[in-house]
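Before any comments, here is the structure.
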Amino acid sequence: MERRITRSTARAVASLIAGEENTPSVTQASNTTKVNKRKRLNPTDTPNVSNPLTTPKNNTITDVKSPTDQKIKQEKPVLGPALFDELPHNLGSLPASLSVATELSAPIAGFDKENQTLKDEQVDNVVTELQSTVNKATTQLKKEPKIPITTTGRKPKKNTYGLTPGISPFPELARPTAEECEVVNRLLSSIHGVVTAPATIPEPSLTVTGCGEVPSVLDALIRTLLSGATTGNNAARAFGGLVQRFGTLSEGIGKGSVNWDAVRQATVKDVFEAIKSGGLADIKSKNLKAILDIVHEDNQVRRAILLDSESKNDSLSKLVPEKAEKDKQYEIACADQNVLSLNHLHNLTSEEAMADLIKYPGIGPKTAACVILFCLQRPCFAVDTHIFRICRWLGWIPVRANEVSAFSHLEVRIPDHLKYSLHQLFIRHGKTCPRCRAATGESSAGWEDDCVIDHLLTRDGKRKGNGPSVVSKKQAAAKGVAGKRKKVNKDSEDETEESESSFSDVTSDE
């Protein structure tokens, strides 16, 4: 048990030390003063005050106080006046430094070498444990990959959008069933034609932007980014502006593709001027530049890793699959020639590719899902404004769902073999059906024409004759960006509705 140093003990120690320096001790001063003050007392009445530390309480003088005693109480001792004083409001004693506490412990309680040895061992154990913890933490930090910072100072997003791969955010809703999906797919195919995914991806067009139907993953990503929250014609004009201003690769890797490295090295203002005819050019130009910066840095990092793995695994080169070896050499060659590439995403699972794509500025689940569906050719049910609207009317998603939660739910519920065809059919139907277009009402031309899935739908909205419409926050934001709806004739009605109603990752993913 550790000994506690009290205030009275501290004063005694201070007095003893002061006596060693030829200063009158407390005892001497007290005795002399008390004798002088009580000259008329009989010798037998004089109390024994030889040692204030050993004087019994019943012999203590209480009626006469020595001026020296008062002075001693008023003047604090030389050692430890601040060390042993009480803190205000009964907060305890002020802490003593280790050196002073050790110095005082010897004359008061003696020096217990055995206990001190035990304390030293305990301290050593604590120090060892703390050092071990620090070493483990340092090692863990070194293992964690660093988030690349672009030359513009921007970092990739960490937002996962609340995606739940393989798990529906609405487990209580057991729709759509596989049978329902088959019925809707058959009905829509009867009027819009049978849709099947292409066996091979067509060559990239320099006049049509599309939504990712190109071999290059980076091309697909940027084309889809440009097509967000605008019409197909506007997106094509924006892409054409990039081609005209920065050119295409005429030879080598990536031949025929836009020279994305030239776009990367340009200023944001130059990129803005190139795509300003496509809508939302201000935010899209910034996102486009940031994406290319991140891709370039990632390519260089991957090149260094691949070269390092080659030098360390020469003896295992025979065990590397031929395709994997070709992919590795392709990546190294791309980095050497400054040809920006995201083609390594072909080697990832759909969930991994989604997580990798949504880290880029301006890219959300809708854009990433389009790239996975059309470029990587994986089953993925991308949800755009037409799909979201019709699926809500079908009762396949709850009213409280937004575009992201709708994607997570439908990705789980719709069978993989129907994801491509239903995606395309819903968009075609949402653009052409007089009753299912967002901007039409009971007075619109063609309303009386039959809708092939009319018996399955419960439409909302006053224009549809069924009360107020349900508008998500992202749709409201997209409408605010698009501004007032233009009055157009019947031929361009679907184009206007697409421009104003379509939600996009561009406006809300930063």
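Here are a few things to note about the model shown:
- Solvent-accessible heavy-atom area per residue, rounded to whole Å², over the stretch 152-244 at 1.4 Å: 49
- Positive contributions from Lys and Arg (+1) and negative ones from Asp and Glu (-1), summed over other residues with Cβ under 14 Å from the Cβ of Gln244, come out at +1.
- The stretch 220-291 - Kirkwood radius from inverse mean 1/r over Cα pairs (Å): 12.0
- Charge sum, other residues only, whose C-beta stays under 15 Å from Gly166's C-beta, Lys/Arg counted +1 and Asp/Glu -1: -1
- The listed peptides 339-352, 409-422, ordered by packing as a protection proxy, come out as 409-422, 339-352 (highest mean of other Cβ atoms within 10 Å first).
- Protection proxy ranking for 433-442, 368-377, using the average of other Cβ atoms within 10 Å per residue and placing the highest first: 368-377, 433-442.
- Long pairs among Lys289/Lys359; Lys284/Lys366; Lys276/Lys431, criterion Cα-Cα beyond 20 Å: Lys276/Lys431
- Mean silhouette area of the stretch 304-441, derived from the convex hull of its C-alpha atoms and averaged over all directions, reads 11.4 nm².
- Summed side-chain charge close to Pro398 - residues other than Pro398 whose Cβ falls under 11 Å, Lys, Arg +1, Asp, Glu -1: +2
- The stretch 165-247, relative contact order in percent, only Cα pairs under 8 angstrom and at least six apart counted: 19
The values are calculated or read from the model by the stated rules, or taken from the named source; none is laboratory data. Remember, it's a predicted structure, so these values are computed and weren't measured experimentally. In this analysis, Cβ positions are derived from the backbone assuming ideal geometry, glycine residues included, and neighbour counts consider all displayed protein chains. To get the accessible areas, we keep the full protein, side chains included, count just its heavy atoms, and leave off ligands, DNA and RNA. Shrake-Rupley method; radii C 1.70, N 1.55, O 1.52, S 1.80 Å.
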